[in-house]
Structure formats: C-alpha cells, structure tokens
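Input: a single structure, listed below in structure tokens.
Values quoted throughout were computed directly from the atomic coordinates according to the rules given, and no laboratory measurement underlies them. Everything numeric in this text was worked out from a predicted model, so none of it was measured. Here the Cβ positions follow ideal geometry from the backbone for every residue, glycine too, while neighbour counts run over all protein chains shown.
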Amino acid sequence: MKSERFQDLPEREQEWVDAYLSGKIDEESFGQLQERMLESANLRAVMRRYLALDTSLHAKAGGEQSPWAELEEQKSAPKADKIIGIFPIAAAAAAAFFLGLGLMHFGAKTKNASGVAKDRFDQFEQSEKEPQAEGFAVVGGVYDVAWGDQQGELREGDTLGAESLRLAAGTVEIQFFSGAMMTLEGPAEISLKSAWEAFCVEGSVRMRVPPAARGFKLNAPSTAIVDLGTEFGLEVRGGKGHVEVFDGEIALTHQGEKEQILKKGRAMGLDPNGPSFDVTTGQVAFPDAGRFGVRAAQELRSDYERWEAHRDALAGDKRLLAYYTFDQGPAGRLMPNLTIPRNPQFDGAVVMAELVAGRWLGLNSALEFRRPGSRVRVNIPGEFSALTFSCWVRIDSLDRQYSALFMGDGYENGEPHWQIRNDGKMMLSVMVDEDARHPIYPEKTRFHHVYYSPPMWNRAMSGQWVHLSSVYDPAHRAVSHYVNGARVSRETIEPLFLVEKLRIGNGEIGNWGQPFREDPTFAIRNLNGRMDEFVIFHAALSDQEIASLFEKSRSKHR
C-alpha cells in the first residue's frame, strides 16, 4: 500500500501544496496541481486524510472563522511553516471539491478604486478570448453528388464560409445562418458571399426565404435578386438566366434597369447582353426541396443496407476481438459483441448511456455518453501482439481535458488508453511500467508514453460524424492515427517505450470511471457525444485496410 504521508509525496507536489498554503501559488502551478489531483489517488488520499484535521485546527486557532472564509475575504492563507510539521493541509476532499476551491482561490473578492467589490475570476474570464468558429452556412444534405474539379468533398453538417462550390452533378442543400435555404442542382458553380448573399455563376437554384431571412440577395451575371419572401428559382446556363417566382415576391435589377417587383407566378428571361423579358412559367425544371427529401431518404436506405452487408462480413474477420454497433439496442442493458463465432463473455454492459439516433437517421441507433457516469463496461482477457481501434463518433464538444474513447480500467502494464484531448488531438498511450517513474520525466510516477495525432476536431465540427482509428504496431515499431480513413500521423515507437505484450482486461467504452477499485472518486472523461460503431482488432491494420473500413462503413450523407 502506498504511503499517505505528506513528506512521502514527490517534491514537486509538496512545493505546489506549500505554495498554496502560503497564498503564493500562481495560476499555472495551481493548474498543474489540479491536473495531478485528477491523476493521483495517493495525492487525493493525502488531501482527504488531513482535510477534517486542518479545518479543526483553523477553527481552534482562529475562533469561529474557517480557512474558506479567509479566502473569500482575500486574507492570506496560514503560513506553511506554522502547520506543515504537524498536519499538512488538504486542498480538497476530491478532485471536484478541489476544483471548487480553486474557483474560490482565484475568484477571491477585490475592490476597485471606488470601493465596489469585483470578482477576480470574472476578470480572468473576460480577459480570455471568446471561442470562435468560421462560416455562415452549413451543408444541409447531399444527393447523388459528383464534385467538380479542385472541389473537396462536402458532407452533411460541414460549415461553409466565403467560398465557391463546384458541383459536377447531383443535388446539394445549403442552409444559411440567416435562415435562407438553397437547393442547388449540378452542373453548377456558386459563390457564397455571406449569410445574406450568394452569386450563381452557373446552375439551377431554388431559394426558400422565410420572413426572418427576408432581404437575402442572390446575384447572377449582370443581375441582382433580392428576395422579399418566400420562394423563387434561378437558372443560369451559358450566361443566360431564367428567374421564376413560386411564392411571395422578389426585387429584380438587371443590366442597370429600374428595379422590378416580380410576384408569384411570374417569370423573366435574363439576357447577358440585353434587357430582361417576360417568359412563360414552367419552362425550367428547378430542383424541388420536397423531391430532394424523398430521393435522399431512398438513398439513405440503400446506403444503410450496404453498411449492413459490410457489418455482417466484418463480424467474421478472425482478427476481431470485439465489435459493437449499438444499432440493435441494449437488450437488458447488454450490448452484444457481434464477432463470429459468438462469444457472450465479450458482451458489453451499458451503464447510463442512452440510445439516440445514429448515422442513418431513423434506421439505426447510437449510444450517447452525456452523463459523467455513462459508459459501456467490457472485459477482454488475453495478450496481444498488436491492437487496432476504430469507431464512428459524433463529438458535440471537448469541454473537458480528456474525452475517453476506450480506456483500460487500472491502466496497468501493457494496457492501452485511447482518448481525445481538449485541443482536438487523438491520444493512444500504453503503460510501459506502472511501478517505475518515467526515465525522462521523473515527476510522472507511472511510466507510460502517449502518441498524439495532429488536431483533428474543432468546434465547427460539432455534431458531425467522424471515423477515427489508431494502430499500435510493435512489429513495425509504429503508432498511427487515422481520420475518415486517411492517415494523419505516424510515430516511431522508441525502444525505451516499446511494449510487445498488450493487454486489455476490464475496460470501458466512452468513459474511464474505475481507475482504482478502492477509490470512489473518478476523473470526468465521458465522451460528450455519440458513438454508433466500435471495433477492436488484435492486429495492426494497414493504411489500405483502414481506408477500406471507412469507405465500407460510411454514410454518404452524414
């Protein structure tokens, strides 16, 4: 059993606590102490052991006043040398309590020149740059799309900014933040200007503009159209244009002519070298939003059936350790492992995770891990020469330091941790020696090594489905990370960090709640989002196999 005495803590931890006691701890050191509290059960045990004693000492030495009241009034904490030899102070009973204490410490009241109390924590908060994202429209849906030259593939939910879209064929729905909705049919090229304006170079467009977006402007060569509510179509082919009002009215200006108000049932031809002129309605088959929805639903069904065939084939891969799709629902809160032959010992136990819509809306389910206690418990015994993890996730936010994908319980020798850091980097780590200090960073009490991907997620991707894979390959001395089938990083496993016998045992999907069996506290690492497919192979898949796994399991819409 590890010691719970203050003097047996690492020197760095003693310095942090001492600085806190002396009222001299800076924000960076306090953050490091807080992070260490989340990692170290021993440090938490020391804190809890002396919390009650320290509170009693303060009450006896200072009358009725507690140390918490001193902090609130911005009085200095007792000097370390007055009590450290007797009872070291406990900064918190647990990580959550410690976090609250930090808010008191850094949020203590100060007074401005006029004597008005001001919360210093608010000052810190206001001084931080507000998180931002770029864009003013999103892809609402795609159907049977072929993208034009030099146009990257777009999927439902992708954010759009000031850019040009080139569509060789198919239909795309664009939802502007103003509330206007565009249905675009290829071949087409359109330039997005803002949430209130776009330019149609070529193609067929149908606009639906609700009252909140009235005033949306759609331009064409030598033409400006301002929607006054609620629906119209524009086609541009070879420089010639055709505009038709289906409902409401528009303001049309062409070739410097006087503005015209066109009402429902009226259509105009737009000559690039001459004036506009009246034409008969119904000459152009504009994209229809209702028809788009029906066709998209049909393709979604076909897409889902294709994935079902892939699922059944994948279940027979002899390299599979575990395969969970979540689409059948947790009968009796058990999540079946689909590998063939069936092994119910590898079934997952669903704890608090909730069934929600998956990638194929209305056709399959996913699990959401929004509560701190949410998880899927598994037990996968054995030793393995390599591991590949793969999953489909929809990340809603990275609002905690680490978000778990798959974690071994105690993080013991050979056990992996697969998670995402709050800066969007994937992390795959393996414990090298749980009883040794890190040879390079001796302040780390358990010897492991983390392999990072570049940042692969940002706030603009919130709510989008993404395919993630990571491979630990001892035979080739490499760890690789993949996003949507493409390798984004490959790092050499140095001999110092090499682990050739990998283990899993007890572990969790979507959380890490039982790092220490006798410790009721746990770090909050539940994935803030959804997962609807999770795979573990006891082999290192190649780049081509990961790409194939993505292609065969993807939804073209989501």
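Descriptive notes on the structure:
- In a DSSP loop and with at most 10 other Cβ atoms within 10 Å, the trypsin sites (Lys or Arg not before Pro) in region 215-295 are Lys258.
- Inverse mean reciprocal Cα-Cα distance (Kirkwood Rh) of region 321-553, Å: 17.7
- Working from Cα pairs under 8 Å separated by at least six residues, relative contact order for region 321-553 is 29 percent.
- When the square roots of the Cα gyration tensor eigenvalues are ordered a ≥ b ≥ c, the ratio a/c for region 323-418 is 1.5 or more and a/b does not exceed b/c, which makes its shape oblate.
- Computed over region 362-456: relative contact order in percent, which uses C-alpha pairs under 8 Å that are six or more apart: 17
- Among the GluC sites (Glu not before Pro) found in region 402-483, those both in a DSSP coil and sparsely packed, with 12 or fewer other Cβ atoms within 10 Å of their Cβ, are Glu443.
- Computed over region 228-350, relative contact order equals 14 percent, with contacts defined as Cα pairs under 8 Å that lie 6+ residues apart.
- Relative to its residue count, region 137-287 spans a Cα convex hull of 96 Å³ per residue.
- Compactness of region 354-485, taken as the C-alpha radius of gyration over 2.2 N^0.38 Å, stands at 1.14.
- A simple count of charges around Asp247, restricted to other residues whose Cβ falls under 14 Å of its Cβ and scoring Lys, Arg +1 and Asp, Glu -1, yields +1.
- Per DSSP, loop trypsin sites (Lys or Arg not before Pro) in region 400-437 with at most 14 further Cβ within 10 Å: Arg437
- DSSP bridge orientation in region 228-323 - percent antiparallel, rounded to nearest 5: 100
- Net charge in the neighbourhood of Phe216 (other residues with Cβ under 12 Å of its Cβ; Lys, Arg +1, Asp, Glu -1) is +1.
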